[in-house]
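These notes are about the structure you will find just below.
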Amino acid sequence: MENKKFYITTPIYYPSGKFHIGTAYCEVLTDCIKRYKTLRGYDTYMLTGLDEHGQKIQTVAEKRGLTPKEHVDEMAKKAIELWKLMGIDYNDFIRTTEPRHVKAVQKIVEKFLENGDIYKGEYTGWYCMPCENYFTEFQLVDGKCPDCGREVKKMKEDAYFFNMSKYEDWIKEFYRENPEFIVPTSRKNEIFKNFIEPGLEDLCISRCTFDWGIPMPNDSKHVLYVWLDALANYITALGYMSDDDSNFKKYWPADLHVVGKEIIRFHGIYWPIFLHALGLELPKKLYAHSWIVMKDGKMSKSVGNVIYPEDLISRYGLDATKYYLLRLMSFSQDSLFLPEDFVTRFNSDLANDLGNLVSRTIAMVNKYFDGEIPVESKEETEFDNSLQEFFKEKLKETESFMDEYHVSDGIQSVWSYIARTNKYIDETAPWALAKVPEDREKLKTVIYNLVDSLRKIAIMIKPFMSGTSKKILEQLGLNSEVTWDDLYKENVILAGTKVAEKPEILFARLDKDEEIEYIQNAMHGNK
Ligand code: MSP
């Protein structure tokens, strides 16, 4: 077993409103990768949290008649509840208003000041409030924010700047040497072409037009730009610049930052430069995932096309919801959430392919062997070998996809093994073997192979459907404490192991029309 560490982070979310399935996707994806690495024997550490400062939060709180602190405290409780409901296995949840973060960020800024990375000047630029970001004239698209397309406002203020240009050559060289730092690489090409190649502009890192932020340590009239504050969470949470930095020493550098595609510039330019300026190692990889979009574009409350994870989980269960999100999203392209597709996948992939395989196999152990898994027999069928070979191939394929964070592709590999196992039932026709006494040994082989295939499937789905994985193993009477290495073990099922007499149905088929209507209603907020 490899004994390596794996530090993985989500972006820290703005607590500006209720989290929809897009936000949840990012969390579920990160959790899935973390669980996969844990299963493979890594010492894993997952960080998530909230990005609580900035003008946007201050404005939302004011609109609600709350102080920013009251607002973020309430939102933090809700976020923690949601991640609990979604079974997110994080190790730390950081809030940027926590003293541990605030203190460390101020120390980081002091270090920048000492090193001459920060200077005072005057800023004029186009500000996009929802994105908390300034743009130059050149960066605007049709006079609007290049990231979200909304109106921008011309603003001028006294401000501190981070001397990005000092690091321009360094970052260019870094990308030349590490072309795969950002995946998919198309995203790296985008930021390189649009932001690095034309020349880096110094970054304005303080604001004095509002006060909901971390005060500059040398000038309390200014609060820190929310992105500098936020990015630092990846190290402050580990105790960087604190009395106890043991986690920092153990887990930094991050092995993977998972981020949405629209925030890659901050993670792909500013973050590496900040780290380099602090003399710290860089994260190993950034994965910029795409977006879940709806038929009518981006999810938006005003359009009435937002879908919340709670509405899916309460009706279809956690594992079906996670399965759908992870299976849906391709590695590099936006993916369309369609209610009819959700229901079809539930019925075909979960109820039919997986659920039926489990219930048929258990029913056969009960029917032909009194509920006891038979000893693997010496008598083979002509189909055993190809099932074995197929498994080996798919195991390799799943691993290579998961190792490269192509989670949807990894899931599809597992499902092709599920389909192959279903085909094995058709090929071997155990019901026919059961009628011929001389075929009894063959029947044992077939049933043993089916149970063993299910054992392997249960392990492979564990990173994204841990509840279902456990249920399958328990229904088969097998130990549910498994590791990825168990996929390489043969003959581990003890003869005579008792399967469940009346297994619970894992995924009951859905009525298509009724459920499409339910999801559509949920989207419009009138379930
Ligand atoms: N606070 C910043 C991140 C700071 S990290 C140092 C932020 N927060 S956010 O709440 O706006 O977005 C958090 C994440 O949710 C982003 O990675 C974003 O891409 C993701 N998603 C929001 N909507 C999404 C979809 N519809 N689909 C997939 N992910 C999307 O940005």
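What does the highest-first list of 418-425, 453-460, 242-249, 123-130 look like by mean Cβ count within 10 Å?
Numbers: 418-425: 19.0, 453-460: 23.1, 242-249: 13.2, 123-130: 17.5.
Answer by packing, highest mean first, reads 453-460, 418-425, 123-130, 242-249.
Quick one: Debye curve from the C-alpha atoms of the chain, no solvent, what's log10 I(q)/I(0) at q = 0.06, 0.09 Å⁻¹?
-0.35, -0.72
Please get the size of the charge dipole for the chain, origin at its Cα centre, with Cβ charges of +1 on Lys and Arg and -1 on Asp and Glu, quoted in debye to the nearest 20.
620
Among 313-322, 504-513, what's the highest-first ranking by average C-beta atoms within 10 angstrom per residue?
Ranking, from highest mean packing down: 313-322, 504-513.
Run through every distinct alpha carbon pair of region 164-292 and return the Kirkwood hydrodynamic radius in angstroms, one decimal place.
15.8
Obtain the radius of gyration and the Kirkwood radius of region 339-488 from its C-alpha atoms and give Rg over Rh.
Here the Rg-to-Rh quotient is 0.97.
How do the peptides 387-396, 282-291 rank, highest first, by the average count of neighbouring beta carbon atoms within 10 Å per residue?
Packing order, densest peptide first, comes out as 282-291, 387-396.
Give the relative contact order (percent, whole number) for region 339-488; include only Cα pairs under 8 Å separated by 6+ residues.
Rounded, it is 27 percent for region 339-488.
Between helix 512-523 and the chain, what is the angle of the helix's C-alpha long axis to the longest principal axis, kept within 0 to 90° and rounded to the nearest 10?
20
Give me the compactness ratio for region 422-527, meaning the Cα radius of gyration over 2.2 N^0.38 Å. If you can, show how the numbers build up before the last one.
Working: Rg = 18.4 Å, N = 106, 2.2 N^0.38 = 12.9 Å.
Ratio of Cα Rg to 2.2 N^0.38 Å: 1.42.
Every number in this text was worked out from the coordinates using simple rules, so none of it is lab data. Please read all numbers here as calculations on a predicted model, not as lab measurements. Counting neighbours? That spans all protein chains shown, and the Cβs are built from the backbone with ideal geometry, glycine included.
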